[in-house]
Amino acid sequence: MVDAEQFIEDAVEELREEIGDANAVIALSGGVDSSVAAALAYEAIGDQLIPVYVDTGLMRKGETDQIRETFAYMESLRIVEAQDRFLDALSGVTDPEEKRHAIGEQFIREFEREARESDADYLVQGTIYPDRIESEGNIKSHHNVGGLPERVDFEGIVEPVRDLYKDEVRDVARTLGLEAIVAERMPFPGPGLAVRIVGEITSEKLTVAREATAVVEDELESYEPWQAFAAVLGKATGVKGDNRVHGYVVAVRSVESRDGMTARAQELDWETLQRIQSRITGTLPNVSRVLYDVTHKPPATIEYE
Amino acid sequence: MVRIDVVDNHGQFTHLEQRALRDIGVDTALLDNTTPPEEIEADGLVLSGGPDIADSGRCAEYLDLEIPVLGICLGMQVMAASLGGQVDDGEYGGYADVTVEIVDENDPLVGSLAPETRVWASHADEVTALPRGFSLAGRSDVCAIEAMSDPDRDLYGVQWHPEVAHTEAGEEVFENFRTCCE
């Protein structure tokens, strides 16, 4: 484990040295990695840091409001409403890698505009160690690695948490006083709810993934999962109030892990599973079935796409 | 301080091997698997896992360096294939939770884990015949050769991943290997 206090001191020093009097931008996703990177950079250079949060429409329930609140102390925070533009970019795209690519591209387009307007010479990123490994190994592409630097001519890119694992980032977050981020937020993938929807993204499926994930997070709080969520798989037949429903199939996933590299599907009791099932099918008229995913990683990954 | 380098065969968990060594206080670095053997200055080597034996670089040459070597997953398979054993696709892939029975409690690497240990695995291929000079150290219901050792040459192999958080006694395996390297 890294010594958090020492780490913070060194990282702030490094950021200060590297960025100097210039302006820097950072993309805030709301997750712990970018939040820690932003807090470190803000500590180092204050309002020379312009944190940009892009609401892709692929975020969890209430996420944008929470970001607004957590980072209210950074006066330079910008929130970009880009929900419709992302849906357009994803229309008709079904291949998982293409999906990630489309999101990455759109994200760059949004961020590029903000970066130019903010007159920033530096880009700060919350890339952590496993992101680099997974990208290098071509298992999945992470949208916060690569792409942007080719489009915007930054003088430098600073990745203050590049050598840390997730558990170490959390430790640093706690030491930085970002308690809410650690306590209330599970890891959330860069491409957001898009990787929890198998096949094409539509606003209808997004609503299902978002609402169902909120139910799962709420019901499983006491199990303290490393990550818990709901994914939308496809459609199947059901019957509700004497009417046939051709509704969505929702998979519930809840895993425990140290670093996301391996994961164990959690053993949940039947009553809890039934309550989740009942709340999801009862409040979402277009869901016909709820499944529980019992697969560990490996052979599965944590997210679906 | 003992120095144990990790040879990268492009596995998903290579960096966790480095972390596990760092966490037990061993001096460690990640080496490309094409590093010339004469440039290696470590007291011991870990050959990482990886997707393809054809992409294992110069790993086989490192077995002649006369330092302890621990082959993990593909690293163990490279060891077997180049020392006269055999590697084939297993009948049953080993993924996630596997219970390994330790068959030799005096084995320097895994003997202390006897009688059994729960491990996390991720492999399709496996060692199907021991190389000359090696003896069986562990087996499971899904894989007949889960661990093999040649204590005379200090060459060891495990088919599972001691470096991941879900392997029960992973740290102990690295501690035992460190003892071999001292």
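The values are calculated or read from the model by the stated rules, or taken from the named source; none is laboratory data. Quick caveat, the model's predicted, so the values are computed rather than measured. Cβ placement follows ideal geometry from the backbone for every residue including glycine, while neighbour counts extend to all protein chains displayed. In case anyone asks, the SASA skips ligands and DNA or RNA and just uses the protein heavy atoms, side chains included. Shrake-Rupley method; radii C 1.70, N 1.55, O 1.52, S 1.80 Å.
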Along the Cα→Cβ direction, 7 angstrom out, place labels at residue A:112 and residue A:239. What is the inter-label distance in nm? 5.4
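Ballpark to the nearest 100 Å², how much total accessible area do B and A bury together, probe 1.4 Å?
Details: alone 8280 and 14020 Å², together 20610 Å².
Using a 1.4 Å probe, the pair buries roughly 1700 Å².
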Using a 10 angstrom cutoff on alpha carbons, build the Gaussian network for chain A and name the most mobile of A:23, A:286, A:243. A:243
Hey, got the dipole for the protein assembly as shown? About the Cα centre, +1 on K and R Cβ, -1 on D and E Cβ, debye to the nearest 20? 2360
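For the protein assembly as shown, with all protein chains present and a 1.4 Å probe, just round the carbon and sulfur fraction of the accessible area to a whole percent.
Values: 8980 of 20610 Å².
Answer for the protein assembly as shown: carbon and sulfur cover 44 percent of the accessible area.
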Spin-label model distance (nm) - residue B:52 vs residue B:24, 7 Å beyond Cα toward Cβ: 3.2
Classify chain B from the C-alpha gyration tensor, please: rounded if a/c falls under 1.5, else prolate or oblate depending on whether a/b exceeds b/c. rounded
With just the Cα atoms of the range A:207-296, tell me how far they stretch along each of the three principal axes, in Å, largest first. 45, 22, 21
Work the Kirkwood hydrodynamic radius out for the protein assembly as shown: mean of 1/r over every pair of different alpha-carbon atoms, inverted, in Å. 24.3
Sorted by chain and then number, the residues having a modelled amide H within less than 5 Å of the amide H of residue A:292, at least 5 places away or on another chain, are A:252
Any idea which of A:278, A:231, A:247 is furthest toward the positive side of the dipole for the range A:219-305, if Lys and Arg beta-carbons carry +1 and Asp and Glu beta-carbons -1? A:247
Taking placed amide H atoms and a strict 5 Å upper bound, the residues 5 or more places from residue B:169 or on another chain that come that close are B:118
Using R₀ = 45 Å, calculate the FRET efficiency as 1/(1 + (r/R₀)^6) where r is the Cβ-Cβ separation of residue A:179 and residue B:116; round to 0.05. 0.65
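Show that you can apply the helix-only estimate: for chain A, add -39,500 (n - 2.57) for every DSSP H stretch of four or more residues, divide by all residues, and state [θ] at 222 nm to the nearest 500.
Values: 11 runs with 128 residues, N = 305.
Result for chain A: -13000 deg cm²/dmol, rounded to the nearest 500.
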Cβ-Cβ FRET estimate between residue A:269 and residue B:65, R0 fixed at 51 Å, reported to 0.05: 0.45
Test of understanding: in a Gaussian network model of chain B with alpha carbons linked when under 10 Å, which of B:136, B:70, B:45 would top the mean-square fluctuation ranking? B:136
What nm value, rounded to one decimal, do you get for the distance between residue B:97 and residue A:3 when each label is placed 7 Å out toward the C-beta? 4.0
Cross-link partners of residue A:166 among lysines (Cα-Cα below 30 Å; sequence separation of 8 or more within a chain): A:61, A:99, A:140, A:205, A:297
In Å², and per residue, what accessible area does the protein assembly as shown have when probed at 1.4 Å with the other protein chains present? 42
Which percent, nearest 5, of DSSP beta bridges in the range B:4-181 are antiparallel? 60
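Can you compute the helix-only [θ] at 222 nm over chain B? Use -39500 (n - 2.57) per DSSP H run of at least 4 residues, normalise by all residues, nearest 500 deg cm²/dmol.
Rounded to the nearest 500, the figure is -5500 deg cm²/dmol.
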Ranked by GNM mean-square fluctuation in chain A (Cα springs under 10 Å), the top entry among A:239, A:172, A:249 is A:239
Quick one: 3J(HN,Hα) in Hz for the range A:21-28, Karplus 6.51/-1.76/1.60 with θ = phi - 60°, rounded, Gly and Pro as x. 8, 6, 9, 9, 10, 9, 8, 8
